[in-house]
Amino acid sequence: MKKIKARIKPDLIVYGILTAFAAVMLFPSLDLGLGEKGNLGPGLLPFIASICILVTGSTLGISSLLKKARAGPSPENDVLGRKEWLQAAGILFIFSLWPLLVGFAGYIWPTLLVSFGLAKAVGYKSWKQPVIFSVLITAFIWLIFGVLFHLDLPSGFSF
Amino acid sequence: MSGIEYLWDGFQVALAPANFLMCLVGVILGTLVGVLPGLGPIEAMAIMLPISIHYGPLAGLILLAGVWYGAQYGGSTTSILVNIPGEASSVITTIEGYQMTRKGRAGAALAVSAVGSFFAGTLGIVILQLFTPPLAAAALSFGPPEYLAIMLLAFVALSTLSGDNPFKGTLMIALGAFLSTVGIDRIAGVQRFTMGIPNMMYGIHFVPVAVGLFGIAEVIRLALKPYTPTSLKSVRFRELYPNREEIRRSIIPIIRGSFIGSLFGLLPGTPAVLASFTSYSVEKSLSPKKEEFGHGAIEGVAGPESANNSAVVLALVPLLCLGIPFAPVAALLLAGLQLHNITPGPLFIQENPSIFWGFVAAMYLGNFLLLVLNLPLVGLFARVATLRPRVLIPIIGILCLLGAYMTRMALFDVWVMIAAGIAGFFLNHLGFPLIPLILGMVLGNILEDNLRVTTQWLNGDFALLLTRPIALAILALIPIYILFIRLAGKKVLRSGIKD
């Protein structure tokens with residue numbers, strides 16, 4: 001039963017979020033104006049898109065609810081446990097460090113930090129290997145993009 | 001000037017050192033991208049987009065296209081040798097290709113795959129070269145109603161082709177179309193859904209969204225469910241010879257696959273994936289040795305590998321003729337051209353003959369380079385696929401961050417990419433198709449422009465559409481298309497996937 005819940009619930013949450021989002025967006029779309037005959041307003045496409053999301057999201061949500069009783073247990077590998085959710089959140093946190101730091105620290109330190117963090121998050125046990133690995137990645141990308149292709153990598157106090 | 005003379009000039013342009021170098025870099029990079037699980041042509045092209053600006057429109061186009069079709073070659077190598085499809089379109093090749101490797105026929109499978117890809121790619125380029133100019137000329141007679149009809153057909157096709165549930169496809173397209181409206185409206189000049197954030201005024205670019213949906217979501221997926229690289233079967237160059245029986249059994253599937261791919265290439269969405277699955281189903285149903293399928297039937301390698309390569313080339317036709325990208329990677333090519341103030345469409349070939357014919361010639365060269373490079377270097381490329389996910393993830397992660405940043409040199413795009421990565425992970429986990437979301441974002445603006453122009457043109461009287469036979473014919477194709485895909489196409493595709 002727990003597994004059935006784990007499978008059905010996220011579906012309904014996504015449909016609920018999207019349907020609510022579309023319902024809310026109908027009003028600003030109308031405010032933008034749908035236009036008139038021969039002259040369409042800037043609110044028309046967002047209005048049509050919102051209606052589409054609303055209709056399809058509600059239909060999918062209702063059909064998911066109706067299927068609930070018939071849904072069998074999902075395959076074990078489809079259900080994410082607490083550990084996996086935490087790992088995913090950790091990886092996203094590491095990713096978010098890059099745009100947070102790169103504005104003032106420049107390319108090198110945030111890239112070192114993120115590549116090191118990602119290496120640790122995905123299974124390197126020791127400290128030495130991820131450090132060497134992150135230095136190599138940072139240097140290699142800098143050489144390719146910064147030196148070879150002369151692209152403007154983010155600059156800050158460290159670069 | 002005749003087509004042959006234009007092509008000759010094209011070869012002279014394509015063989016210029018800078019263009020040739022871009023072709024070489026593009027196909028090698030594309031092969032590597034195809035080999036690596038987790039890194040697809042979308043992310044690679046997004047990263048190469050700012051680089052392409054430095055080398056002019058033709059060199060940039062050659063580079064980006066090289067990555068695209070090179071990825072199809074690379075994907076098959078790892079499917080055959082290590083049972084890891086580097087690309088979605090190579091998934092079907094793992095079924096027969098890896099079984100052939102287990103039976104000691106890896107060399108034959110790789111050779112047939114490479115030759116089939118070369119033949120199909122070349123056939124695709126010939127069709128592109130022959131049909132694009134007259135189609136573009138015909139498209140000159142298209143007015144806004146015809147373009148609107150094509151857009152509607154594309155939207156319907158995308159929703160029906162994506163996944164098992166067309167409602168999910170429609171939901172994703174609508175979401176993409178909504179996101180495309182964020183920013184300053186180009187005609188009315190008003191802000192739409194910008195929430196007072198200055199960066200939102202420029203809109204949400206589809207590249208960081210695509211990198212997030214596919215790249216970051218894939219990084220998370222790989223981290224949570226890492227694959228175990230299988231041991232690499234070494235293949236020597238002298239082993240790359242199929243025997244007479246294998247050659248005989250491959251010829252017709254290669255030809256058939258090439259034509260199937262050519263047809264599917266013109267469809268919106270993921271033409272290479274659909275073409276390879278359909279080709280596999282067709283080969284299986286037509287083969288006199290059906291019992292060998294699933295145990296290393298060479299037809300199951302020859303057909304799909306040819307199909308995905310011709311589909312990739314032909315997917316460029318709608319972009320070059322109409323200026324409408326029907327696949328996310330075509331949208332990236334469009335973005336690459338627009339960065340040079342070049343707009344593909346009916347006038348593209350007339351106004352930029354050296355770019356078009358140079359591009360066609362570079363595709364011939366790239367296809368040849370792939371054949372020449374891939375067979376001798378097959379062991380090297382396959383070794384890349386045996387890298388463990390924990391080595392790949394930090395590299396892919398940093399490349400995604402840079403790819404998103406370099407799109408417009410804005411950190412806002414990196415945040416958009418991370419948000420898209422979160423959404424992509426959840427949506428993918430719940431079985432939502434992601435390609436329609438990207439194409440909804442790309443096509444949303446074009447649809448809106450055409451809808452507005454058509455409404456003005458018809459002065460709001462849509463009954464006047466009845467006086468436009470081409471638009472009517474395209475609109476009439478919509479129900480026929482739905483019927484065909486839902487009844488015939490799905491049956492073929494499903495049987496291939498199930499097997």
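Each reported figure results from applying straightforward, stated rules to the coordinates on display, with no laboratory input. Values in this document were obtained by computation on a predicted structure and should not be read as measured data. Glycine also receives a Cβ, built like all others from the backbone with ideal geometry; neighbour counts cover every protein chain displayed.
Averaged over residues, the count of other Cβ atoms within 10 Å places the peptides B:53-64, B:464-475 in the sequence B:53-64, B:464-475, highest first. Helix B:271-286 and the longest principal axis of the C-alpha atoms of chain B enclose an angle of approximately 50°.
Residues of B:399-405, mean number of Cβ from any other protein chain within 10 Å of their own Cβ, rounded to a whole number?
On the way: counts 3, 2, 10, 9, 0, 2, 8.
If you average over the peptide's residues, the count of other-chain Cβ atoms is 5.
Report the normalised scattering of the protein assembly as shown as log10 I(q)/I(0) at q = 0.05, 0.06, 0.07, 0.09 Å⁻¹, calculated by the Debye formula with identical scatterers on the alpha carbons. The Cα Debye sum returns log10 ratios of -0.22, -0.32, -0.44, -0.76. When peptides A:101-112, A:47-58 are sorted by average Cβ neighbour count within 10 Å, with the highest value leading, the order is A:47-58, A:101-112.
Between helix B:389-408 and chain B there is an angle of about 30 degrees, using the helix long axis and the longest principal axis of the Cα atoms.
Averaged over peptide A:105-112, the number of partner chain Cβ atoms lying within 10 Å of each residue's Cβ comes to 1.
With the Cα gyration tensor of the range B:302-427 giving a ≥ b ≥ c as the square roots of its eigenvalues, does the rule (a/c under 1.5 for rounded; else a/b larger than b/c for prolate; else oblate) give rounded, prolate or oblate? Oblate is the answer for the range B:302-427, as a/c is 1.5 or above yet b/c matches or exceeds a/b. Taking all Cα pairs closer than 8 Å and separated by 6 or more residues, the relative contact order of the range B:58-200 comes to 10 percent. Between the helical axis of B:41-53 and the longest alpha-carbon principal axis of chain B there is an angle of about 60 degrees.
Apply the membrane-span-like helix rule to chain A: whole DSSP H runs, Cα extent along the own long axis of at least 24 Å, mean Kyte-Doolittle hydropathy at least 1.0. List the helices found. Walk me through the intermediate numbers first.
Values: long enough: A:2-32 (45 Å, 0.86); A:44-67 (34 Å, 1.72); A:82-105 (35 Å, 1.07).
Qualifying helices: A:44-67, A:82-105.
With 10 angstrom as the radius, rank B:Ser79, A:Ser126 by how many other C-beta atoms surround their C-beta, starting from the fewest.
Working: B:Ser79 32, A:Ser126 8.
In increasing order of surrounding Cβ atoms, one gets A:Ser126, B:Ser79.
Counting Cβ atoms of other protein chains within 10 Å of each residue's Cβ and taking the mean over peptide B:409-419 gives 3.
Could you give me D for chain B, from Stokes-Einstein at 10 °C and 1.306 mPa s, where the hydrodynamic radius is the Kirkwood radius over C-alpha pairs? Units µm² s⁻¹, please. Each step should come with its number before you reach the end.
Working: Rh = 22.8 Å.
Value of D from the Cα-based Kirkwood radius: 70 µm²/s.
With contacts taken as Cα pairs under 8 Å at a separation of at least 6 residues, chain B carries a relative contact order of 29 percent. Among B:Tyr280, B:Tyr202, the ranking by other beta carbons within 10 Å of each residue's beta carbon, starting with the fewest, stands as B:Tyr202, B:Tyr280. Taken along its three principal axes, the alpha carbon spread of chain A comes to 57, 53, 23 Å, from the longest extent down to the shortest.
What are the semi-axes of the equivalent ellipsoid of the range B:1-142, taken as the square roots of 5 times the eigenvalues of the Cα gyration tensor, listed largest first and rounded to whole Å?
Numbers: eigenvalues 191, 72, 41 Å².
Semi-axes from the Cα gyration tensor: 31, 19, 14 Å.
In the protein assembly as shown, helices alone account for a calculated mean residue ellipticity at 222 nm of -23500 deg cm²/dmol, with every DSSP H run of four or more residues adding -39,500 (n - 2.57).
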